[in-house]
Amino acid sequence: MSPRPSWFQCLIPISILACSLLSIPALGHSAPSIAYEVSLRNPERHLFHVLIRVPVRGEALLRMPAWNALYQIKDFASRIQEVQAHIGNKRVPLEKIDKQTWHVAGDGLVQVEYAIFWDEVGPFATQLNGDHAFINPGEILMYVVGRTAEKASLSIGGFPENWRLASATAFHCEQAQHSSCTSEVSTYDCLMDGPIELGKFQEFDLPGVAPRVTVVIHGDNWRKKQVEESLKRICQYEIKLMEGAPFEHYTFILHIGKGAGGGGMEHSNSTAIATMSDEYLPNVAAHEFFHLWNVKRIRPASLEPVDYTKEQYTRVLWFAEGVTSTYGDYTLVRTGLWSRERFYESLGMQITELEGRSANRWQSAEQSSLDAWLEKYSLYNQPDYSVSYYTKGQVLGELLDILIRDRTNNAKSLDDVLRAMNRDFAKQGKLYRDSLDVRLTAEKVAGGSFEEFFQKYVSGTEPFPYEQVLQLSGLRLRTEERRRANLSFSLTRDAYGALIVGSVDAEGPAAQAGLRVGDAILSWNGGEVPRRLGRWIGEQKPGDLLKLRIRRDEQELSLEFRIGEIKETIYEVSEESQANEKARNIREGLLVGETGAVGRH
């Protein structure tokens, strides 16, 4: 199980700073040098038919990205069929030279054609079926090696006449026998940063939000008033917090309902979010919208330039993602979408999650960031092997905020750090030097050193000083010991969607009953595996009987065992009634987003 709920998985996408600073659409009169055409004919076959027109002198290399959206090497080239190359009607030499690269030889306008299979729910994947299409362009389009900075165009056609297209990338659409939409972008990198939704969706603009924010929804488990109000509050607050919007037009692409998957993916002028219902939308949206600044424009040097061929390592996801989660929670409580009690509950949950993972004792926030590429392995996600940079970074952000407020008598805050980095880096078109520039900016705002704090808690693994720091903000931390049911094994899905045992506690009852890593689960207590397994185990008692039917090495076996138990320490945050005036001011400042003398709101 991921350290974060699935709907909160949100990793840095491909994005070039220039795409964040420029308007993506019109490019004047110069024609694009590389043209992409994508046909969605026969969507029930889940095949995107791609044609690339590129002028070639002698030879060129075309390459499929190895990753996109998630920090996971996915080898999208494994989905490609029937790659061919022509000049006019004549085939030209084409040779595959590694798992994701093709060499083409010729002189003239070369046409490269292929089909690529996709039918996985977004926002991290791509999908084509009879209901709709959702496209992460980096997952279907090859690039010409050494020529990603050239202007490009993308045309999408062949989709049903009653479908429409939505994207933050500007498309011009024509209705004919087969619908067709075309866009021009400044670079391949910018093209990759604009997800596309096609289908019969609902669309509306948020009232009272400027610049314009459009909401596109595919699904049925949502209420317009609920969605509209929560997104409006989030956008209005975060734009005000960061002293203006860095876009002319922003688009939420939302997949809501059963089978929608989960998660959020940020882009320069849009986000794609999937959730089972609108109940969870504000939590994801507050995080994703704040990425407009933190990571899309306030961007670390370690993420540039983007390398599509292999892992791209960075030590600063604790800030890019974790502190964005800090501001997700801040936004929800400061806009009234959360009560202060729910904010405290969330903070307590993050501390509980951190302290419940033994890896927290040896994996620093920076190392967790560096190891993001290991998250596709189920064993790595277990408590003994990793801690989430989301969780560790979120708590670091809140502790750092309190310390800045305490040092400045609540005159400055972490808000000032984010605004300063936006002013000094993003608006100047500069990249920041990972944790170093975060620390230097915090020191400039607070007027003192944070070197020890960063050495101990960001690059180091010393225990966080929760109680001492929370006390400075009129908050107290208490613990409670609880016993709960423990499954003692984890599940993952293989490439075909089957549920597979990903890890087994060697000392647990499942292992003693004979369950092994790699076993496929066929039935669970005579029925299907619970869809919300975490909730199911939370409803069980230690000692309850679990009956499994599994497949192992082409044989079916039955296993049964009593569910075990685990002791855990729960951390709860609450207000200290005897806090002094300074601490009360800091506490209220955190909750309402103000500095100075803050009255209770």
For this session: Consider ALA411 carefully, then state whether it is small (Gly, Ala, Ser), within 30 Å of ASP494 (Cα to Cα) and over 22 Å from the mean Cα position of the chain (by Cα).
Result: no
Exercise. How many residues are surrounded by fewer than 20 Cβ atoms within 10 Å (Cβ to Cβ) and in contact with a Pro (Cβ under 8 Å, 6 or more places away or on another chain) when one looks only at the range 118-132?
Worked result: 2
Problem set entry | Failed item, numbered, when PHE450 is tested on (1) crowded, with 18+ Cβ neighbours inside 10 Å; (2) under 22 Å from THR352 (Cβ atoms) | (2)
Seminar exercise, completed: Among strands (runs of 3 or more DSSP E) entirely inside the range 181-225, those with 3 or more residues being modelled with pLDDT of 95 or more and over 19 Å from the mean Cα position of the chain (by Cα) are 202-205, 212-219
Exercise. Which of the residues spanning the range 158-169 are surrounded by 19 or more Cβ atoms within 10 Å (Cβ to Cβ) and in a strand (DSSP E or B)?
Worked result: PHE159, LEU165, ALA166, SER167
Exercise. Can you tell me how many residues in the range 328-373 are at pLDDT below 95 and either part of a loop (DSSP other than H, G, I, E, B) or of a type in the set (A, V, I, L, M) (or both)?
Worked result: 3
Problem set entry | Residue in the range 582-591 that is assigned to a loop (DSSP other than H, G, I, E, B), over 30 Å from PRO509 (Cα atoms) and without any contact (Cβ under 8 Å) to a residue 60 or more places away in the chain present | no
For this session: Would you check which residues across the range 195-235 are basic (Lys, Arg) and under 26 Å from HIS46 (Cβ atoms) and list them?
Result: LYS200
For this session: Output yes when any residue across the range 323-338 is of a type in the set (Gly, Ala, Ser) and over 17 Å from LEU591 (Cα atoms), and no when none is.
Result: no
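Does the range 186-196 contain at least one residue that is over 30 Å from LEU62 (Cα atoms) and hydrophobic (A, V, I, L, M, F, W, C)?
no
Taking the options GLY219, GLY208, GLY257, name whichever one is in contact with a Gly (Cβ under 8 Å, 6 or more places away or on another chain) and surrounded by fewer than 20 Cβ atoms within 10 Å (Cβ to Cβ).
Numbers: GLY219 fails: surrounded by fewer than 20 Cβ atoms within 10 Å (Cβ to Cβ); GLY208 fails: in contact with a Gly (Cβ under 8 Å, 6 or more places away or on another chain).
Of the residues listed, the single one that is in contact with a Gly (Cβ under 8 Å, 6 or more places away or on another chain) and surrounded by fewer than 20 Cβ atoms within 10 Å (Cβ to Cβ) is GLY257.
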Exercise. So which helices (runs of 4 or more DSSP H) stay within the range 425-528 end to end and still have 1 or more residues that are in contact with a strand residue (DSSP E or B) (Cβ under 7 Å, 6 or more places away or on another chain) and free of Cβ contacts under 8 Å to residues at least 60 places away in the same chain?
Worked result: 466-471, 509-512
Problem set entry | Answer from SER39, SER78, SER6, SER23 - the residue that is modelled with pLDDT of 95 or more and either surrounded by fewer than 15 Cβ atoms within 10 Å (Cβ to Cβ) or within 30 Å of THR326 (Cα to Cα) (or both) | SER78
For this session: Please state which one of ASP131, ASP119, ASP75 is in contact (Cβ under 8 Å) with a residue 12 or more places away in the chain, over 30 Å from TYR380 (Cβ atoms) and among the acidic types (Asp, Glu).
Result: ASP131
Seminar exercise, completed: Scanning the range 539-584 residue by residue, those within 17 Å of LEU491 (Cβ to Cβ) and either basic (Lys, Arg) or in contact with a Cys (Cβ under 8 Å, 6 or more places away or on another chain) (or both) turn out to be LYS547, ARG549, ARG551, ARG552
Exercise. Do you know which residues across the range 79-112 are farther than 20 Å from TRP67 by Cα, in contact (Cβ under 8 Å) with a residue 40 or more places away in the chain and of a type in the set (S, T, N, Q)?
Worked result: GLN111
Exercise. So, in the range 309-352, of the ones that are farther than 19 Å from ALA365 by Cα and among the hydrophobic types (A, V, I, L, M, F, W, C), which residue ends up surrounded by the most Cβ atoms within 10 Å (Cβ to Cβ)?
Worked result: LEU332
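The values are calculated or read from the model by the stated rules, or taken from the named source; none is laboratory data. What you see is a predicted model; the values in this text were computed from it and never measured. FYI the Cβ positions are ideal-geometry reconstructions off the backbone, even for glycines, and counts take in every protein chain you see.
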